[in-house]
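What follows is calculated from the coordinates using simple rules that are stated; it is not laboratory data. Computed from a prediction, not measured in an experiment: that's the story for all the values here. Neighbour counts run over all protein chains shown; Cβ positions are idealised from the backbone, glycine included.
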Amino acid sequence: MSPDELAIPFRERAGRAMKDAFLQEALTIATTKFIGLRREAFEVFPDGEALRDRARQIKEATLQRLDQHVERLVARVEARGGHVHYATTAEEARRIILDIARRTGARMAVKSKSMATEEIHLNEALEAAGVTPVETDLGEYIIQLAHERPSHIIAPAIHKTKGQVADLFSRELGRRVAADPEELTRIARAELREKFLQADLGITGANFAVADTGTVVLVTNEGNGRMVTSLPRVHVAVMGVEKVVPSLTDLMVFLAILAKSATGQKLSVYTTLVQGPRRAGELEGPDEFHLVLLDNGRIGQLAGPLREALACLRCGACLNVCPVYRQIGGHAYGHTYPGPIGILLTAMLHGPESVKDLAHASSLCGACADACPVRIDIPGMLIALRREVAERKIAPWAERVAFGALGRLLLRPALYRAAARLARLAQRPFARDGAIRSLPLGPGAWTGARDLPAVAARTFQERWDALDREGRA
């Protein structure tokens with residue numbers, strides 16, 4: 001999303017999304033399907049809950065000794081002939097990759113799906129340097145043609161219907177295309193095939209990296225990742241430092257739970273293990289392999305309030321079940337990572353001021369925590385973010401005053417009882433059948449989307465006191 005679009009208030013962005021009939025249709029179909037597939041996958045997998053516990057334990061143990069695991073990973077990658085680069089910031093990561101592109105004379109880069117490269121805005125940097133980036137994941141290819149950003153962690157084009165994709169292909173490719181998924185896939189495959197052969201540089205993300213063996217792991221369903229890692233002369237993998245896992249045994253736990261949580265599969269179609277550049281006697285693989293380890297705010301949260309978010313597997317399960325995401329989609333969040341976990345990751349990358357509105361874009365229903373394969377307490381961290389936003393006076397003035405007054409009211413029983421009596425009188429013009437469905441001025445924003453229960457004719461305490469006086473309490 002451009003800075004101009006980000007300047008639009010979140011409430012307005014969300015409002016636009018909820019009025020977009022095409023978006024609502026696409027979101028309903030896709031998220032409902034994902035929810036059903038995940039439920040079915042865990043219903044027939046008896047050890048699912050135990051596996052979630054084990055995955056969480058591995059993540060926590062790894063974060064406690066992250067420096068040691070990263071050092072071992074670096075040593076193993078370099079021993080296999082690879083090169084490792086550490087990027088403290090997004091700008092530094094872009095500079096490292098552009099330096100590799102310039103040194104190797106790259107003019108075209110084919111890319112496998114990678115949220116890390118979206119995070120550092122790599123495509124724009126490549127284009128500015130004269131390198132043409134080509135997204136080869138079908139969803140990423142679609143949004144690249146549309147000049148948009150991903151709206152879901154694992155399904156970048158989830159916000160588009162097949163009819164919209166057909167119209168996009170017809171416009172961009174200069175020929176009429178039917179709204180048939182198989183036909184659309186066939187056309188994209190034909191367009192991309194020659195790009196794999198022409199590209200000098202292959203760029204991927206990394207779902208995991210195994211410290212013991214120096215293995216970078218890619219989990220995909222389309223096979224394009226294997227083309228990106230084997231055909232170009234140079235392969236660059238960009239990975240957040242938290243993606244390291246200690247051993248192949250630990251990796252098996254995450255592979256077993258990732259696909260079930262993301263797409264309801266027992267295992268993704270392609271699990272690619274990359275171990276450095278092509279060696280003597282091998283028929284395929286790059287001449288050079290580079291691993292870019294990305295910090296960009298992650299290390300600072302090892303002892304911070306958002307530490308749990310570092311366990312995220314980027315499966316997207318929390319987005320699919322979130323009632324807010326299912327109504328507004330990903331673009332309304334305004335940043336690279338959408339949904340409940342995206343709010344936490346955005347705060348990690350850009351600071352709490354970047355989520356002063358987004359921190360409230362959650363019902364705190366707990367569905368995200370229930371769906372998370374590593375049991376991240378997303379609602380708890382969202383509440384903590386709201387508290388920090390308030391304490392640092394980042395929230396709007398009116399909001400701070402309103403909640404400050406409510407806090408003082410709740411701490412004073414006598415004042416609370418008086419306020420209840422006053423509210424009972426003030427609500428009379430608006431209360432109907434036990435509910436308040438419309439209020440004027442500022443409170444009208446609340447009742448515009450929900451009803452408020454009317455203050456009871458008698459509070460519980462008043463009823464209890466009456467019973468006590470009658471001797472029935």
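If you check each cysteine of the chain for another cysteine whose beta-carbon is under 4.7 Å away, which ones come up empty?
Unpaired cysteines in the chain: CYS312, CYS315, CYS322, CYS365, CYS372.
From Cα pairs below 8 angstrom and at least 6 apart in sequence, can you work out the relative contact order of segment 415-469, rounded to a whole percent? Before the final figure, lay out the partial values.
Working: 38 pairs, mean separation 17.2, N = 55.
Reported relative contact order: 31 percent.
Rounded, prolate or oblate: pick one for segment 213-273, where a ≥ b ≥ c are the square roots of the eigenvalues of its C-alpha gyration tensor, a/c under 1.5 means rounded, and failing that, prolate if a/b is larger than b/c, else oblate.
Working: a/c = 2.15, a/b = 1.24, b/c = 1.73.
Because a/c hits 1.5 or more and a/b fails to exceed b/c, segment 213-273 counts as oblate.
Can you pull a Stokes-Einstein diffusion coefficient for segment 415-469 at 20 °C (1.002 mPa s), Rh from Kirkwood over Cα pairs, as a whole number of µm²/s?
Diffusion coefficient, whole number: 173 µm²/s.
If the cut-off is 20 Å between C-alpha atoms, which lysines fall inside it for LYS393, apart from same-chain ones fewer than 8 positions away?
LYS356
Pairs LYS33/LYS113; LYS111/LYS160; LYS33/LYS266: which exceed 18 Å Cα-Cα? Don't skip to the end; give the middle numbers.
Details: LYS33/LYS113 21 Å; LYS111/LYS160 21 Å; LYS33/LYS266 16 Å.
With Cα atoms farther than 18 Å apart: LYS33/LYS113; LYS111/LYS160.
Run through segment 19-51 and list the trypsin sites (Lys or Arg not before Pro) located in a DSSP loop whose Cβ has at most 14 other Cβ atoms within 10 Å. Provide the component values of the computation, followed by the final result.
Values: sites: LYS19, LYS33, ARG38, ARG39; in loops: LYS19.
Here the trypsin sites (Lys or Arg not before Pro) that fit, given the DSSP loop and packing criteria, are LYS19.
Jot down the radius of gyration and Dmax of the chain, Cα atoms only, both in angstrom.
25.5, 95
If I fit a long axis through the Cα atoms of helix 413-426 and take the longest principal axis of the Cα atoms of the chain, what angle between them do I get, 0 to 90°, rounded to 10?
80 degrees
So what is the relative contact order of the chain, in percent, for Cα pairs below 8 Å that sit 6 or more residues apart? Working shown, then result.
Values: 744 pairs, mean separation 85.4, N = 473.
Value for the chain: 18 percent.
If you take every DSSP beta bridge whose two residues both sit in the chain, what share of them, in percent to the nearest 5, is antiparallel?
On the way: 12 of 37 bridges.
Looking only at bridges with both residues in the chain, the antiparallel portion is about 30 percent.
Note down the Stokes-Einstein diffusion coefficient of segment 288-398 in µm²/s, whole number, using a Kirkwood radius over alpha carbon pairs, 37 °C, and 0.692 mPa s. Show your work: numbers first, answer last.
On the way: Rh = 14.4 Å.
This corresponds to a translational diffusion coefficient of 228 µm²/s.
With viscosity set to 1.567 mPa s at 4 °C, what whole-number translational diffusion coefficient in µm²/s follows for segment 1-143 from Stokes-Einstein and a Kirkwood radius over Cα pairs?
On the way: Rh = 19.9 Å.
The calculation lands on 65 µm²/s.
As a test of the definition: which semi-axes, in Å, follow for segment 45-296 when you take the square root of five times each eigenvalue of its alpha carbon gyration tensor? Largest first, please. Walk me through the numbers on the way to the answer.
Values: eigenvalues 173, 111, 53 Å².
With the √(5λ) rule applied to segment 45-296, the semi-axes are 29, 24, 16 Å.
Mind checking the angle between helix 181-198 and the chain's longest principal axis? C-alpha axes, 0 to 90 degrees, to the nearest 10.
Approximately 50 degrees, to the nearest ten.
Based on the Cβ-Cβ distance of ALA457 and GLU49, what FRET efficiency does E = 1/(1 + (r/R0)^6) give at R0 = 41 Å, to the nearest 0.05? Write down the numbers at each step before the final one.
On the way: r = 46 Å, r/R0 = 1.12.
About 0.35, to the nearest 0.05.
Hey, what does the equivalent ellipsoid look like for segment 139-205, semi-axes from the Cα gyration tensor as sqrt of 5 times each eigenvalue, largest first, whole Å? The partial results should precede the final answer.
Details: eigenvalues 79, 56, 20 Å².
For segment 139-205, the semi-axes come out at 20, 17, 10 Å.
Using alpha-carbon pairs under 8 Å, 6+ residues apart, how would you state the relative contact order of segment 45-296 in percent?
Values: 440 pairs, mean separation 69.0, N = 252.
Across segment 45-296, relative contact order equals 27 percent.
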